[in-house]
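Structure first, commentary second.
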Amino acid sequence: MLLRDGSTARIRLVQPDDGPAIVALHGRLSAESVRLRFFAPHPTLSEAEVERLVAHTEPDHMALVAERGGQLIAVAQYDRDPGEDEAEVAFLVDDAFQGLGIATLLLEHLAALALTNGIRRFVAVTLSENRAMRDVFRHVGFAPRMSDAAGEVDVVMDISPSPAAVAAADERDRLAVVRSMARLLEPSSIAVVGAGRQPGGIGHEIVVNLIESGFQGPLYPVNPNARSVVSIPCWPSVDELPVAVDLAVIAVPAPQVLDVVESCGRRGVSALVVVTAGFAETGPDGTRLQREVVRLAHANGMRIVGPNCFGVINTDPDVSMNATFSADLPTRGTLGFASQSGGLGIAILGEARARGIGVSSFVSMGNKGDVSGNDLLTWWEQDEATNVILLYLESFGNPRKFHRIARRVSASKPIVAVKAGRSRAGTRAASSHTAAMASSDQAVEALCHQTGVVRVDTIEELFDVAEVLAHQPLPAGRRVAIVSNAGGPGVLAADACAARNLLVPELSAGLQAELARLLTPGAGVSNPVDLIASATAEQFGQVVERLGSSGEADAVVVIFTPPLVTEAHDVAVAVATVVNRTDGAAGVPVVAAFLAPWEASAPLREAGRPVPCFTYPETAVRALAGAVHYGSWRASPPGAVPELPRTDPNGARRLVADEFEDADRNAAPDAGSWLTGERAMAVLSAYGIPTVTTLRVSSGGAAAEAARAIGFPVALKADGMKIVHKTERGGVRLDLEDESAVVAAFDAMREAIGPDMSGAILQPMAASGVETIAGFARDPSFGAQVLFGLGGTAAELLGDHVVRLVPLTDRDAEEMVLGLRAAPLLTGYRGSEPTDVRGLIDLVLRLGRLAEDLPELAEADCNPVIATPDGPLVVDARIRVAWDSPVGDDVRHLSS
């Protein structure tokens, strides 16, 4: 856990052998702390008190402890009477660590445990004068109710994760992360452990780079075999450093890293950058070593960048830190950059320098043993020197936390990301339509879309989009005006716009007439605007100025192809002059493509407001499209997670618990059990999802009797855990008009399917409408992916579907329903009556809430969902219950 000052500590369950450490903790407390905790002098803990505390590992009695540097520094416990939903909570925190938020964090973790054990409220009693403990209860976000009488305060807290509690926890985490990142990125002193004397060595080059970058604090090379490194006095070990440095950069062989981290903990080092390789990237042994290094660092209050990383950079003049072994130090700028690849980081810094792009700070995360992109997003959010955030990621350590942080950060600063690994997406076996169509790469796409992150495919595109976002205003819309002195490149740009969902509208008659007066006869002025080869630099500037201020374009793309009569440099100067005048382009972004020598376009890049300039029109449009995407996301309403009446989580849990009781617990652990027919429909109905009447039958005669009861015509469908594609196996019979037809259909299905058919379900024929599919599939990293698409037997073939991650906002659900290519079928196509779109949106939201509330449900597949003007109706559904769910054997307990 991160403490309020940015340092770390470890939380764990109490263990039977913690007794002596708990006694020692009590013995270190001041008399005042003891009095506030026990309401009276209590110099020693009795043997019975200690035994009772270390035995707190049952659902009714739980205790957590916090550790730092091998020492127990806090303990928290709750106790309840069996069967009650209320528990009493108490804390004890070492005097030396009070005020760091430890009690609050312990309370959060205790609450999480208590909720899984059926506890809904915490109660506590504290002295009226114990303001610190009252603040803990008040600030945790659980809305405590306090009553003060006779010098004591009775506190009652509802520990359910309310929006206020979640927001309070997020804010505490944000502040702690920022302080921990300051230890890494704004150190006042640095030690380089493993600083060799020979040029070319990693440790040696890091020392050289720190000197050449002008690091603003003292630098301490550490090498037991050298007296100095590049004329700086050297120290034999971390233990012998004259001061406790803020940051230690570790560049010793992997087997020695653990000892160095232990020394850093003893010496009071605040943070670590481990550039050494040989950890998780090498296999299981390396993974175990990495975990031990991180555990030891956290136990001593330190955070780690790496291992197997390239280092960190901060170009702030007050820091001037290049703690990497790169030969390319970037110039100062406004881009914050994080890379998971060390080798790629070297290339990235070289590219940035070649393009003249400046960075505020750069972090190579390496194996992400500790510090991740989530931490850096939180840092850059508040860093005034950073305007645009760039990420190169190979994995998401905690995608759900990224979802929350990135959505918040994107509201004020753009995030552009390359997420490698598209080719591995979608390879897992699927057992339902929904799982077959949902993939990990789609989860990444959904994550980026929902959080406003601009996802790009290459490092080149990453820099292209970053240049537009860093130097140009955000586009207000998708309308693009194209200016060119050659017809072909203008057409290529228009095609590129169409491919990127950008509009190239024809200009108004009045604007066309105005442009025609500025240009040579024969110029095209409709859009693209073709100035023809004889166009002068002055005409380029005049047209860009007029288009930018016309109100008819949200962005301008300038394309120059060198003719014999006009110099590229002159055109660049003219365009840059217009863009940099306060009234020049009226806040409209301008990008350029100069099919000319790179040097000729220098005036564009070197202007006060640089104009991003590319070699080809398609590249310029692609970069602009990234900015348009972000601008559109940021301008749209953020959406909210709505209240959904008529949901019965406990009712749904009871149905799932019944399945746990009935299922074969010897099934493969990742297979789980399928809810089909009546039981699946009942789970959906518990969440207010409209379903068709469904009866399960086990014979032809029973089917005929049930059909007579519900009325003809009816539909009969085979039921069985192994049946996914019923139609392909002859397992669907529709419009059965009488009892004999029902019996014949049942017998025919039994013969065609064989033992996989355990029975059948009978339903009244549903009204005709548009067949859609809705469902969710749970990804082990990203959580539940909710899917909506065109359904029926061709659902997978057509592939017309949209995926989003939970929690779903009303905006997410609306985008899912209206984002299909076939959405006109739902809203009214060629005279057809519109379906109930709001009903479909509500259905998608309820499926998302079901996926959130019941993590034991691995996947759900509703296909078809018939969309009609009177509302949607689920006609068939399958829900898989997984034995390996996060709640596992607690399902039955929770359902009670």
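The values are calculated or read from the model by the stated rules, or taken from the named source; none is laboratory data. Worth saying up front: this structure is predicted, and the values here are computed from it rather than measured. Don't worry about glycine lacking a Cβ; one is built from the backbone with ideal geometry, like all the others, and counts go over all protein chains shown. To get the accessible areas, we keep the full protein, side chains included, count just its heavy atoms, and leave off ligands, DNA and RNA. Shrake-Rupley method; radii C 1.70, N 1.55, O 1.52, S 1.80 Å.
Amide H contacts under 5 Å for Val480: Leu503, Val504, Asp554, restricted to partners 5 or more places along the chain or on a different chain, H placed in the peptide plane at 1.01 Å from N.
Non-local lysine pairs in the chain, meaning eight or more places apart or on different chains, with alpha-carbon distances under 21 Å, amount to 5. With both residues required to sit in segment 158-314, DSSP beta bridges show an antiparallel share near 10%. Computed from the Cα positions only, the extents of segment 94-191 along the three principal axes stand at 54, 31, 20 Å, in decreasing order. Between Arg227 and Arg120, the modelled labels are 7.6 nm apart [label points 7 Å from Cα along Cα→Cβ]. All distinct Cα pairs of the chain go into the 1/r average, and the inverse of that average, the Kirkwood radius, is 31.5 Å. Between the alpha-carbon centres of segment 844-874 and segment 339-377 there is a gap of 41 Å. Summarising the overall dimensions of segment 281-419 from its C-alpha atoms, the Rg and Dmax are 14.9, 43 angstrom. Shown for segment 524-577 is the translational diffusion coefficient from the Stokes-Einstein equation, using the Kirkwood radius over Cα pairs, a temperature of 20 °C and a viscosity of 1.002 mPa s: 186 µm²/s. Calculate the length of the line joining the C-alpha centroid of segment 452-467 to that of segment 757-796, in whole Å. Spelled out, the Cα-based centre of one part sits 35 Å from the other. Take the Cα radius of gyration of segment 665-772 and divide it by 2.2 N^0.38 Å, N being the number of residues; the result is 1.09. With a 1.4 Å probe rolled over the protein heavy atoms of all chains, the accessible area of Ser673, Ser30 falls in the order Ser30, Ser673, largest first. Straightening the chain between Thr647 and Arg811 buys 57.0 nm, computed as 0.36 nm per residue apart minus the Cα-Cα spacing. Per-residue surface analysis assigns Lys401 an accessible area of about 50 Å², computed on protein heavy atoms at 1.4 Å probe radius. Restricting the calculation to alpha carbons of segment 541-624 gives Rg and Dmax of 11.8, 33 angstrom. Annotation: amide H of Val273 within the under-5 Å range of Ala248, Val249, Ile250, Val305, sequence separation 5 or more or interchain, hydrogens built in the peptide plane. How high is the relative contact order of the chain, in percent, with contacts defined as C-alpha pairs under 8 Å that are six or more residues apart? Here the relative contact order equals 7 percent.
Can you figure out the FRET efficiency of Thr331 with Gln512, using R₀ = 41 Å and their beta-carbon distance, to the nearest 0.05?
Details: r = 43 Å, r/R0 = 1.05.
E(calc), rounded to 0.05, equals 0.45.
Sorting Phe215, Phe540 on solvent-accessible area from highest to lowest, probe radius 1.4 Å, gives Phe215, Phe540. The label point for Ala150 and the one for Ser30, both projected 7 Å from the Cα toward the Cβ, are 2.9 nm apart.
Over all directions, how big on average is the projection of the convex hull of the alpha-carbon atoms in segment 118-163, in square nanometres?
3.1
Considering only alpha-carbon pairs that sit under 8 angstrom and 6 or more positions apart, the relative contact order computed for segment 299-421 is 28 percent.
Based on the convex hull around the alpha carbon atoms, segment 505-654 presents an average projected area of 13.8 nm². Relative to one another, the C-alpha centroids of segment 591-664 and segment 681-747 are positioned 43 Å apart. Across segment 149-166, the residues whose backbone nitrogen lies under 20 Å from the label position 7 Å along the beta-carbon direction of Ser128 are 149-156. A simple rule links phi to the HN-Hα coupling: the Karplus curve 6.51 cos²θ - 1.76 cosθ + 1.60 with θ = phi - 60°, which for segment 835-848 gives 7, 7, 5, 4, x, 5, 4, 4, 4, 5, 4, 5, 5, x Hz, with x for Gly and Pro.
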